[in-house]
Amino acid sequence: MSGVLAITEQRAGEWSRMSLETVAAAQQLARDLGTNVSAAVVGGAEVEKLAADLASKKLERVWTVRHDLLADYTADAFTAAVEQLIRKTSPDYVLFPHTYQVRDFAPKVATRFNQVLISDCVGIRVDGGAPVFVRQLFQGKLNADVRAEGNTPHFASVQAGAFRAEQAEAGAAQTEAFAPQIDASAIRVKPDKPFREAARAVDLTAADIIVSVGRGIREKDNIAIVEKLAEALGAELAASRPICDNGWLPMERQVGSSGQTVSPKAYVAVGISGAIQHLVGMKGAKTIVAINKDPDAPIFEVADYGIVGDLFEVVPALTEAVKKIRG
Ligand SMILES: Cc1cc2nc3c(=O)[nH]c(=O)nc-3n(C[C@H](O)[C@H](O)[C@H](O)COP(=O)(O)OP(=O)(O)OC[C@H]3O[C@@H](n4cnc5c(N)ncnc54)[C@H](O)[C@@H]3O)c2cc1C
């Protein structure tokens, strides 16, 4: 086949939101290389229905990789199935969404071909006829270009939000079934019921205004300063991941790739640097205001209004000003 193959992700018939982003990334790479692109849906009986969704995209083929032993995820079964599909179709490039599941099995697939997984890519471009995969290093302070040359296939995963699902081009694709051979005795783990988080008490996705606090706040007790601004604005309080990891605010208030995705009318980021994992959760906000003492903080790249200053001075002053205006 050659070309590009996108391996999508689903669970119990529900798409991972990153599947279409991966299809968009694969289409872009194929377009830039002047080659073809296909996609695969891996799982149990539910793959048929999901493949029909993908058949409306501009793809050469949609592969349904179906087996009863793929109905519940295990690294051994998924590795075997995806390896067999790749051996049959011989793509030059295989793209995955950078999910927890992919982190678990895709490196194993790559090593079966004596390759590595170029993981968590934020961009892909073609330079001199070969793809260059862009990965972030040192918490996003540096971008590294990784060239994929030599033996194929090459394997890469794309970061949440790096490509836009709505950019996946529409078209018509043929669907073809692929039945992998999976030996039950080769599956070394027994899948348990998927972990379910407790129901969320706070629905940040419905908030019009969100004030979000980051590590710049230094300690838990200081969060009250930001809470007062949220109160004055009639906003929901949210946070970056370190704040929730520290237990300073509940997990349900975390915004980002492993938290909630929000699109309020206004998002005020206080002491948040703007790591990509945070940005993907909030860059859809209509207006973004950032308060940060570092003028080079990446949050200012997405902000509509930026205040460079010490939050311990800026936030109380802003709270007073809002109170005055709102009476
Ligand atoms: C797999 C994975 C998933 C992740 N998921 C998420 C996620 O869902 N959400 C998320 O947020 N992160 C997530 N992260 C973490 C992410 O990479 C960043 O580490 C995190 O977003 C940083 O949080 P922060 O901006 O609050 O802290 P920092 O990066 O430490 O930034 C603190 C900022 O505060 C500023 N500051 C310090 N003092 C002051 C002051 N007095 N006044 C004003 N500004 C000040 C600093 O200049 C700095 O920019 C994830 C990471 C990984 C690897």
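The values are calculated or read from the model by the stated rules, or taken from the named source; none is laboratory data. None of the values given here were measured: they were computed from a predicted structure. Ideal geometry is used to build each Cβ from the backbone, glycine not excepted, and the neighbour counts take in all protein chains shown. With ligands, DNA and RNA removed, areas are computed over all heavy atoms of the protein, side chains included. Shrake-Rupley method; radii C 1.70, N 1.55, O 1.52, S 1.80 Å.
Working note: Karplus 6.51/-1.76/1.60 with θ = phi - 60° gives segment 38-48 the couplings 10, 9, 10, 10, 10, x, x, 4, 5, 5, 4 Hz, where Gly and Pro are set to x. Quick one: if the Förster radius is 25 Å, what FRET efficiency do residue 87 and residue 258 give, using the C-beta to C-beta distance and rounding to 0.05? Efficiency, rounded to the nearest 0.05: 0.15. Kindly express, to the nearest 10 degrees and within the range 0 to 90, the angle between helix 75-89's C-alpha long axis and the longest C-alpha principal axis of the chain. In the chain, helix 75-89 runs at an angle near 60 degrees to the longest axis. Share of carbon and sulfur in the accessible area of segment 1-101 stands at 48%, probe radius 1.4 Å. Can you give me the angle between helix 223-233 and the longest principal axis of the chain, using Cα atoms only, in degrees from 0 to 90, rounded to the nearest 10? The helix 223-233 is inclined about 80 degrees to the chain.
Under a 5 Å amide H cut-off, with hydrogens placed 1.01 Å from N, residue 35 pairs with nothing among residues at least 5 apart or on other chains.
Could you state, as a whole-number percent, how many of the C-alpha pairs of the chain are farther apart than 24 Å? Present the calculation step by step, with values, prior to reporting the outcome.
Details: 31185 of 53301 pairs.
Summing the P(r) tail past 24 Å for the chain gives 59 percent.
May I ask you to give the solvent-accessible area per residue for the chain, in square angstrom, as obtained with a 1.4 angstrom probe? Before the final figure, lay out each step's value.
Numbers: 16310 Å² over 327 residues.
With the other protein chains kept in place, the chain gives 50 Å² per residue.
For the options 235, 110, 224, a Gaussian network treatment of the chain with springs between C-alpha atoms closer than 10 Å singles out 224 as fluctuating the most. Of the trypsin sites (Lys or Arg not before Pro) in segment 62-158, the ones in a loop by DSSP (not H, G, I, E or B) with at most 11 other beta carbons within 10 Å are 141.
Note the angle between two axes, namely the Cα long axis of helix 100-112 and the longest principal axis of the Cα atoms of the chain, as a number of degrees from 0 to 90, rounded to the nearest 10. Approximately 40 degrees, to the nearest ten.
Give me the percent of the accessible area of segment 198-254 that comes from carbon and sulfur atoms, probe 1.4 Å, all protein chains in place. Walk me through the intermediate numbers first.
Numbers: 1310 of 2930 Å².
Roughly 45 percent, rounded to a whole number.
Note on the chain: with a GNM built from Cα contacts shorter than 10 Å, the maximum mean-square fluctuation among 74, 64, 111 falls on 111.
So what is the calculated 222 nm ellipticity per residue for the chain, using -39500 (n - 2.57) for each DSSP H run with n of 4 or more, over all residues, to the nearest 500 deg cm²/dmol? Write down the numbers at each step before the final one.
Details: 9 runs with 94 residues, N = 327.
So the helix-based figure for the chain works out to -8500 deg cm²/dmol.
For segment 262-327 and segment 69-91, what is the centre-to-centre distance using only Cα atoms, to the nearest Å? Taking the Cα centre of segment 69-91 as reference, the centre of segment 262-327 is 44 Å away. When the Gaussian network model of the chain links Cα atoms closer than 10 Å, the mean-square fluctuations of 117, 20, 137 top out at 137. Taking the Cα centre of the chain as origin and assigning +1 to Lys and Arg Cβ atoms and -1 to Asp and Glu Cβ atoms, the resulting dipole is close to 40 debye.
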